[in-house]
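The values are calculated or read from the model by the stated rules, or taken from the named source; none is laboratory data. Since we're looking at a predicted model, the values are computed, not measured. Because the Cβ atoms are built from the backbone with ideal geometry, glycine has one as well, and the counts that use them run over all protein chains shown.
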Amino acid sequence: MIWIKRNTFLFSLAVVTLLVALVLWVMGSKAVGNYKQAKQDYDSAYAEVMSFEKLDPYPTDEHLESKKLAVTAYSGQTDELQKAFAPYRSEDLKNITVQAFSSAVKQANKETRTAFGENLQIPEQYFCGFEEYSTSLPAGSATGILNYQLEVTKKLMLNLAAAGASELVSLHRPELPEEEGKSFKPENGQVARALPLEVVFKGPEKAVRDFLSSLVNDKDHYLVVRSLKVVNEKQIPPHKSDARFSAGDNRRAQPEEASNAGIEFSALFGVGEPVAPAPDATGEVATPGGVAASAPLPAPAPLGLPGDTSRVLAQVLGQEELQAFVRLDVLLFLEPKPLP
């Protein structure tokens, strides 16, 4: 204290210097922080600008207007596409009574069996794809979607009968979530619900072609073929031993017999009529071996292939039926979502 009283000026100067240094330190620390923040903001803005320069198109006012026009056109096309899918968007899938659904299945089974007739073989347990409900009733909460699927399945079976198929090997309909007491929950971005069906049948090539054409030309339902396999009914190619002729048609004259009988070469292969050698001066017929014959030999049996070769051609050309496996989805489009 005595020193301070004796050196007041020096003490005051030291205190002022300390305060000034403290203020300068605080201001410098704050300036460093501001610099770091400004440097960070600059680097971030620089990186953003550099990323913009790499964009195609570069963000200018002219390009912005072009982008707005493109987005507007895309929105219009999306609306048109949603309108095009409107006929395949069933708005009325209300549940009906289980008794009404059971009656509908029985009626569909009767109609398809009548269309099949005797020309199209079907599995013994066939019930229009709803075999589990031939002796039981579905859950009341599933009758709406099941009734829609029944309508599609019945139409497919009627088209199969009209195409001229010879046998329905199997008709498989995977179980829906509603039949298990659950509810259908669409995933994010899902626009349609798929109702799968699997059909295996046999028939000529035209029947397979006509049935597939009916899937494409269906105006009431949107059908998508997911898997398709078509194979010949016979996996082993025909062999020459498969050709069969009757005993009479299979008979050929031996060349030796034809030569001894004086048959011309053309007659040997069925071209022209057989000609016997002319008699000599004594009125006898001489054979090539020098032995006289008093009368001409009878004509040989007809030569050549039989007239009816349809059985052979059927084997060679592969006229057997085809077996087709078709896995398809019936798309039930969901309600459209508004664009942002």
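Taking Phe201 as the residue in question, decide whether it is buried (at least 16 other Cβ atoms within 10 Å of the Cβ), part of a strand (DSSP E or B), of a type in the set (Phe, Trp, Tyr) and at pLDDT 90 or above. Yes: the conditions hold for Phe201.
Considering each of Thr135, Thr143, Thr112 in turn, give the residue that is without any contact (Cβ under 8 Å) to a residue 24 or more places away in the chain and not acidic (Asp, Glu).
That would be Thr135, the only listed residue that is without any contact (Cβ under 8 Å) to a residue 24 or more places away in the chain and not acidic (Asp, Glu).
Considering every residue within the stretch 76-89, establish whether at least one is of a type in the set (Lys, Arg), farther than 21 Å from Pro196 by Cα, out of contact with any helix residue (DSSP H, G or I) (no Cβ under 7 Å at 6 or more places or on another chain) and modelled with pLDDT of 90 or more. No, that holds for no residue. Only one of the numbered conditions (1) surrounded by 12 or more Cβ atoms within 10 Å (Cβ to Cβ); (2) over 30 Å from Asn159 (Cβ atoms) is not met by Tyr74, and that is (1). Among residues that are under 18 Å from Val330 (Cβ atoms), over 24 Å from the mean Cα position of the chain (by Cα) and loosely packed, with under 13 Cβ neighbours inside 10 Å, Phe101 is not included. For Glu178, the criteria (1) in contact with a Pro (Cβ under 7 Å, 6 or more places away or on another chain); (2) surrounded by 15 or more Cβ atoms within 10 Å (Cβ to Cβ) hold in every case but one, which is (1).
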